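I'd like to ask some things about the structure below.
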Amino acid sequence: MEKSLFLAQRITAMILAPLAIIHLGLTLFAVQGGLTATEILNRTQGNIGWALFYSLFVVCAAIHAPIGLRHVINEWTVMPRRWVNALVIMLGGVLLLLGLQAVAAVY
Amino acid sequence: MSPTDTANELLKVRIWRGREQGRLVDYEIETRKNQTVLDVVTEIQHRLEPTLAYRFACRVGVCGSCAMTVNGRPRWACRTHIKNVVTDNTLTIEPLRNLPKLKDLVCDMAPFIETWQKAGAPFSGTATRHDKPAAVKPDSAMRLAADAALQCINCAVCYSACDVVNWNPDYIGPAGLNRAWTLINDVRHSKRELTFELAFGTGGCGSCHSHGNCTRHCPVELRPSESIAGLKRAAFSGLPEE
Ligand code: SF4
Ligand code: SF4
Ligand code: FES
């Protein structure tokens with residue numbers, strides 16, 4: 001189990017790193033001369049490429065973050081392991097839901 | 001000791017007395033030209049504090065029993081020259097961190113030894129006494145990997161240096177995981193898969209932060225953090241092959 005979680009965390013990190021760089025690069029590039037909601041929506045609406053890009057981002061983040069947080073909570077608190085697992089699974093679910101909802105909203 | 005041994009300066013030594021509850025007690029002894037931390041503790045026990053408890057056996061860096069915290073860092077007392085560690089003419093000597101304190105400088109080593117078992121340490125042979133000894137090529141990748149991680153003297157210095165051991169009571173720690181790495185690189189070990197599973201189980205190598213304090217402090221210059229990195233890599237690549 002720990003090994004699978006370790007692999008899942010590292011593999012999602014490898015995917016997230018380039019995605020995050022592209023996302024930040026694009027934001028910096030797009031923000032020059034101000035940024036409006038219309039501008040953003042013009043870029044994203046109906047664009048399946050961006051929808052897939054950000055869906056992948058959301059899925060990876062929803063896997064990656066809870067695994068890391070699980071370690072942090074286990075190290076820094078005395079919360080029973082089972083609670084920690086339940087808590088981070090919930091967090092993953094929330095991240096996934098909110099993230100995909102946001103992707104759908106601008107598609 | 002002849003009078004010429006001494007430099008006539010007084011060394012201030014603060015030593016932990018007691019168990020979990022205890023306090024630092026101040027002593028003063030003469031500074032000598034050539035003096036290890038173990039010499040200092042021994043001299044204090046012989047001359048000033050007969051009830052002072054500490055451990056040692058070989059006095060030459062082989063047995064691993066003399067580890068203690070010296071000026072905040074875990075060290076082997078018998079091979080640590082005070083001139084390299086003394087600050088403001090003072091030595092503060094405490095028991096190792098991360099282990100239960102039994103008396104003065106003596107800790108209970110049982111939890112440390114248990115982590116070796118937890119990491120799948122017992123060797124289990126593939127052959128019987130009637131078989132020929134296994135031929136292990138000295139230059140095979142596995143043999144070289146194991147070689148680099150052998151020679152641990154079980155001193156628990158790395159275990160004491162590791163912050164994750166301090167934070168996470170389940171963590172196996174550097175020495176146990178280093179041992180597991182030597183075993184999964186040993187073709188004669190019949191339970192390589194099991195050792196790998198245990199080394200990657202709860203509190204296994206996935207919990208290591210790779211900050212390398214173990215490697216920094218290991219007195220025999222082993223590199224437990226590298227062994228742990230090897231275990232992590234094996235999660236991607238599978239068990240090492242000859
Ligand atoms: S590298 Fe890992 S085992 Fe070594 S001190 Fe850091 S956390 Fe502990
Ligand atoms: S790995 Fe080094 S520091 Fe750790 S127990 Fe072995 S000899 Fe001591
Ligand atoms: S007394 Fe044996 S290693 Fe120090």
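The values are calculated or read from the model by the stated rules, or taken from the named source; none is laboratory data. Just so it is clear, the structure is predicted and the values come from calculations on it, not from any experiment. Every residue, glycine among them, receives a Cβ derived from its backbone with ideal geometry; neighbour counts consider all protein chains shown.
In this structure, is B:VAL136 at pLDDT 95 or above, away from chain A (no Cβ under 14 Å), surrounded by fewer than 21 Cβ atoms within 10 Å (Cβ to Cβ) and part of a loop (DSSP other than H, G, I, E, B)?
Spelling it out, it is not the case that B:VAL136 is at pLDDT 95 or above, away from chain A (no Cβ under 14 Å), surrounded by fewer than 21 Cβ atoms within 10 Å (Cβ to Cβ) and part of a loop (DSSP other than H, G, I, E, B).
For the range B:139-160, which residues satisfy the criterion of being among the hydrophobic types (A, V, I, L, M, F, W, C) and in a helix (DSSP H, G or I)?
Correct list: B:ALA141, B:MET142, B:LEU144, B:ALA145, B:ALA146, B:ALA148, B:ALA149, B:VAL157, B:CYS158.
Quick check: is even one residue across the range B:161-184 within 14 Å of ligand 1 (Cβ to nearest atom), at pLDDT below 95 and either in contact with a strand residue (DSSP E or B) (Cβ under 6 Å, 6 or more places away or on another chain) or polar (S, T, N, Q) (or both)?
Yes - at least one qualifying residue is present in the range B:161-184.
With respect to B:PRO240, is the statement that it is over 23 Å from B:GLY125 (Cα atoms) and part of a loop (DSSP other than H, G, I, E, B) true?
Against the criterion (over 23 Å from B:GLY125 (Cα atoms) and part of a loop (DSSP other than H, G, I, E, B)), B:PRO240 does not qualify.
Across the range B:181-233, what is the total count of residues that are more than 20 Å from B:TYR159 (Cβ to Cβ) and either in a loop (DSSP other than H, G, I, E, B) or among the polar types (S, T, N, Q) (or both)?
Summing the residues that are more than 20 Å from B:TYR159 (Cβ to Cβ) and either in a loop (DSSP other than H, G, I, E, B) or among the polar types (S, T, N, Q) (or both) in the range B:181-233 gives 6.
Among the residues of the range B:85-117, how many are closer than 18 Å to B:GLY64 by Cβ and without any contact (Cβ under 8 Å) to a residue 60 or more places away in the chain?
Count: 9.
So is B:ARG223 more than 16 Å from ligand 3 (Cβ to nearest atom), under 13 Å from the mean Cα position of the chain (by Cα), surrounded by fewer than 15 Cβ atoms within 10 Å (Cβ to Cβ) and in contact (Cβ under 8 Å) with a residue 40 or more places away in the chain or not?
In short, no.
Do we find that B:THR90 is in contact with a Lys or Arg (Cβ under 8 Å, 6 or more places away or on another chain), more than 14 Å from every other protein chain (Cβ to nearest Cβ), within 16 Å of ligand 1 (Cβ to nearest atom) and not small (Gly, Ala, Ser) in this structure?
Criteria not met by B:THR90.
Is it true that some residue in the range A:29-50 is assigned to a helix (DSSP H, G or I), away from chain B (no Cβ under 14 Å) and aromatic (Phe, Trp, Tyr)?
Among the residues of the range A:29-50, at least one is assigned to a helix (DSSP H, G or I), away from chain B (no Cβ under 14 Å) and aromatic (Phe, Trp, Tyr), which makes the answer yes.
So is B:ASP163 acidic (Asp, Glu) and within 14 Å of another protein chain (Cβ to nearest Cβ) or not?
Yes; evaluated as a whole, the condition is true for this residue.
May I pose another question? Would you be able to say whether some residue in the range A:5-13 is more than 14 Å from chain B (Cβ to nearest Cβ) and aliphatic (A, V, I, L, M)?
no
Are any residues in the range B:192-220 crowded, with 23+ Cβ neighbours inside 10 Å and over 21 Å from A:VAL72 (Cα atoms), and if so, which ones?
Hits for the range B:192-220 are B:THR195, B:PHE196, B:CYS218.
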